[in-house]
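The values are calculated or read from the model by the stated rules, or taken from the named source; none is laboratory data. Since the structure is predicted, the reported quantities are computational estimates derived from the model, not experimental observations. Counting neighbours? That spans all protein chains shown, and the Cβs are built from the backbone with ideal geometry, glycine included. Note: accessible area is taken over every heavy atom of the protein model, side chains too, but ligands, DNA and RNA are not part of it. Shrake-Rupley method; radii C 1.70, N 1.55, O 1.52, S 1.80 Å.
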Amino acid sequence: MTVKYELALVLNARLEEEAKNAALEKVKGYIADFGGKIANIDDWGKKRFAYEINKMKEGFYYFIQFESEDKKCPNELEAHLRIMEPVVRYLIVKCEEKVKAKKKKARVNTEQETETQV
């Protein structure tokens, strides 16, 4: 069964364009190496942090949607992201649960509307 994930990635804002692209390619390579398939990459560009992190006030934000049949993929990816120097912050979330929760909530709301109409 294929599971969908989203990786929120923040890279150091002091990186040159080449280093930033190299770090992003390395992350994409890790996803592919661990059995993942990238569906979409959203580049949000340079954004200001809500608070200072390691004496930095800005970072490059990326949101990468990927899917994998191997349940070890996010854990392996996280282990490699943790030691990458250009990575300031990262977060991997499982997207499928959100969809199931929305469907369940919609079904409950529909049932409640049906009951009130009867």
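Taking all protein chains as present, what is the carbon and sulfur share of the accessible area of the stretch 1-79, in % to the nearest whole number, probe 1.4 Å?
Numbers: 2230 of 4850 Å².
That fraction is 46 percent.
Here each label is just a point 7 Å from Cα along the line to Cβ, and for Ala8 and Lys71 those points are 2.5 nm apart. Here the simple spin-label model places points 7 Å from the Cα toward Cβ, and for Lys57 and Asp43 these points are separated by 2.5 nm. Name the shape class, rounded, prolate or oblate, that the alpha-carbon gyration tensor gives for the stretch 1-73, where a ≥ b ≥ c are the square roots of its eigenvalues, rounded holds for a/c under 1.5, and otherwise prolate holds if a/b is larger than b/c and oblate otherwise. Note, shape of the stretch 1-73 comes out prolate. Any of Lys28/Lys71; Lys47/Lys71; Lys4/Lys57; Lys47/Lys94; Lys20/Lys57 with alpha carbons more than 28 Å apart? Name them for me. Beyond 28 Å between Cα atoms: Lys47/Lys71; Lys4/Lys57. With a ≥ b ≥ c the root eigenvalues of the C-alpha gyration tensor of the stretch 36-80, is it rounded (a/c under 1.5), prolate (a/b larger than b/c) or oblate? Oblate is the answer for the stretch 36-80, as a/c is 1.5 or above yet b/c matches or exceeds a/b.
Using only the heavy atoms of the protein chains and a 1.4 Å probe, how would Val88, Val27, Val93 rank by accessible area, largest first? Walk me through the numbers before you get to the answer.
Details: Val88 20, Val27 0, Val93 45 Å².
Final ranking, largest accessible area leading: Val93, Val88, Val27.
Taking amide H as placed 1.01 Å from N in the peptide plane, the amide H of Cys95 sits under 5 Å from that of Lys4, Tyr5, Glu6, each at least 5 places away or on another chain. For the stretch 1-78, with every protein chain kept in place, what is the accessible area per residue (1.4 Å probe, Å²)? It amounts to 62 Å² per residue over the stretch 1-78.
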